[in-house]
Amino acid sequence: MKRIDQKIIDQTLELIKSQEREGAGNERIKTIVNRLLNDLFNAMADLDITSEEMWKACDWLTQTGKNNEYGLVYAGLGIEKFMDDMMDWEDEQVGIHNKTPRTIEGPLYVAGSPESTSYAELETEAEPDGERLYMSGVVRDENGNPIPGAKVEVWHCNLKGLYSHFDSSQPEFNLRRAINVAEDGKYEFKSFVPVGYACPPNGSTDTLMKLLGRHGARPAHIHFFVTAPGYRKLTTQINIEGDPLTFDDFAFATRPELVPHIERIPAEDAPKYGKDEAFAKIDFDFNMVHEVTDAAPGENHRTRATVEA
Ligand SMILES: [Fe+2]
C-alpha cells in the first residue's frame, strides 16, 4: 500500500501545534509532546497502523493505568534500563566511574522501612522454608574509606515472589529494612535467599510480553538504595548467583558486577562466623560517589509507595 502523503502528516502536526499559545504552558512539555507525536504519526504511516490497532492500544493503556503497571512496563520494555544507560553515559562524559553500578529500581519500593544500626533482620514474618542468608559488607567512598552515616535500604520478595505492601497478605514492611551504618561503614542483614518472580499473570505487562514473544520473569535479586549526605544516591540490586535467568532478566537489570558469589556455609562451620545454623553468605561492598553538579543526579522524584509512621 502506498504511504500517506507526508504533507498530510506535517499539516496535521502543524494544525495541532497552532493551538498552542505563546508564553502559556510549559515549553519543555510542548517540545517533547510535539516530537513524540511527530514520531508516532510517522510510525503510523510507515507501518500502516490501523484505527483498530490504535484503539486497542488505547484500551491497553487504560487498563495498564487501572492496574498500576506502568512502572513494570517501563522495566519490561527496557525504558528503565535505557534511562540507566543514559545516566551511565553522562557519568562517563564527566569522568565518573561507578565502581558499584546503578541498576533499575523497579516499581516496588516502599518508603519508611524500620531503621536500625549496622544490622537488621528482614523477616517480620518468618519464612520457614527459606534458605538462611546473611549478607554483609561496607559502604565505601571513592578511595575505599567507610562512609559513616550511610543508609542501606534493602527490599526483596518472599518465596512466593511477592513484595510486602503490594501483597497485602504480608505484614507491612516484611522484607524491607533500612540499616544505618556506624563509623566502620559496615552493614549486615539476616534474611533468606529470595526467588525470582514474574509479572502478574494476565496483567497488562504479561499480555504485552506474550505479544512480543517474550517471557516476563526476573531472576532472584535484592534491591538497594544506598544514601549518605554529600553522596549521590545509589540505586542498585544484586543477583543471586546461579539463577538460570541471571542473564535473561525481562527487566534487563543484571550487570556482571552485581552478581556476587554466594557461599554456602554448612552448620558445623557456622559458629566460626558467629552463627548457629547453615547459611548462604554474600559479601558485597557498596561504593558511592560524591555528589557532583555536572552529572546526572542519583535521585529522581517518581511517585513511590509510602506508609505513614
Ligand atoms: Fe524486584
Farther than 22 Å from A280 by Cβ and within 16 Å of the ligand (Cβ to nearest atom): does that describe R140?
-> no
Out of the range 265-309, which residues are more than 23 Å from the chain's Cα centre (by Cα) and either of a type in the set (G, A, S) or assigned to a loop (DSSP other than H, G, I, E, B) (or both)?
-> P266, A267, A270, G274, K275, D276, E277, A278, A280, T293, D294, A309
Only one of P146, P114, P107 is farther than 20 Å from Q237 by Cβ and either crowded, with 16+ Cβ neighbours inside 10 Å or outside the structural domain of P219 (by TED's automatic domain parsing) (or both), namely P146
Among (1) closer than 20 Å to G144 by Cα; (2) among the charged types (D, E, K, R); (3) touching a Ser or Thr at 6+ places or on another chain (Cβ under 9 Å), which single condition is E299 missing?
-> (1)
When residues of the range 228-239 are limited to those that are over 14 Å from the mean Cα position of the chain (by Cα) and surrounded by fewer than 22 Cβ atoms within 10 Å (Cβ to Cβ), the one nearest to the ligand (Cβ to nearest atom) = Y231
Candidate set: the range 105-124, residues that are under 14 Å from H301 (Cα atoms) and in a strand (DSSP E or B); chosen: the one farthest from the ligand (Cβ to nearest atom) = A111
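Quickly run through the range 240-264 and pick out the residues that are more than 16 Å from the ligand (Cβ to nearest atom) and assigned to a loop (DSSP other than H, G, I, E, B).
Result: E241, G242, P244, F247, P260, H261.
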Name the pairs: first residue in the range 55-79 and at positive phi and of a type outside the set (S, T, N, Q), second residue modelled with pLDDT of 95 or more and crowded, with 18+ Cβ neighbours inside 10 Å, Cβ to Cβ under 9 Å, at least 6 apart or on different chains?
-> G78/A251; G78/F252
Extreme residue, nearest to A280 (Cα to Cα), among residues of the range 161-202 that are of a type in the set (D, E, K, R) and in contact (Cβ under 8 Å) with a residue 12 or more places away in the chain | K190
Could you tell me whether any residue of the range 41-58 is touching a Lys or Arg at 6+ places or on another chain (Cβ under 9 Å), more than 30 Å from D167 (Cβ to Cβ) and surrounded by 15 or more Cβ atoms within 10 Å (Cβ to Cβ)?
-> yes
Can we say G161 is within 15 Å of the ligand (Cβ to nearest atom) and of a type in the set (G, A, S)?
-> yes
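For the range 87-104, give me each residue that is more than 16 Å from the ligand (Cβ to nearest atom) and surrounded by 13 or more Cβ atoms within 10 Å (Cβ to Cβ). If you could, list the steps in order and put the result at the bottom.
So in the range 87-104, the residues more than 16 Å from the ligand (Cβ to nearest atom) come out as 87-101.
Of everything in the range 87-104, those that are more than 16 Å from the ligand (Cβ to nearest atom) and surrounded by 13 or more Cβ atoms within 10 Å (Cβ to Cβ) turn out to be M87, D88, E90, D91, I96, N98, K99, T100, P101.
Looking at R218, is it of a type in the set (K, R), within 16 Å of the ligand (Cβ to nearest atom) and modelled with pLDDT of 95 or more? Steps first, answer last, please.
Details: of a type in the set (K, R): yes; within 16 Å of the ligand (Cβ to nearest atom): yes; modelled with pLDDT of 95 or more: yes.
Criteria met by R218.
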With the first residue restricted to the range 99-116 and required to be at pLDDT 95 or above and small (G, A, S), and the second required to be more than 15 Å from the ligand (Cβ to nearest atom) and in a loop (DSSP other than H, G, I, E, B), Cβ contacts under 7 Å at 6 or more apart or on different chains are G112/V307; G112/A309; S113/F173
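The values are calculated or read from the model by the stated rules, or taken from the named source; none is laboratory data. All values derive from a computational prediction rather than experimental measurement. Ideal geometry is used to build each Cβ from the backbone, glycine not excepted, and the neighbour counts take in all protein chains shown.
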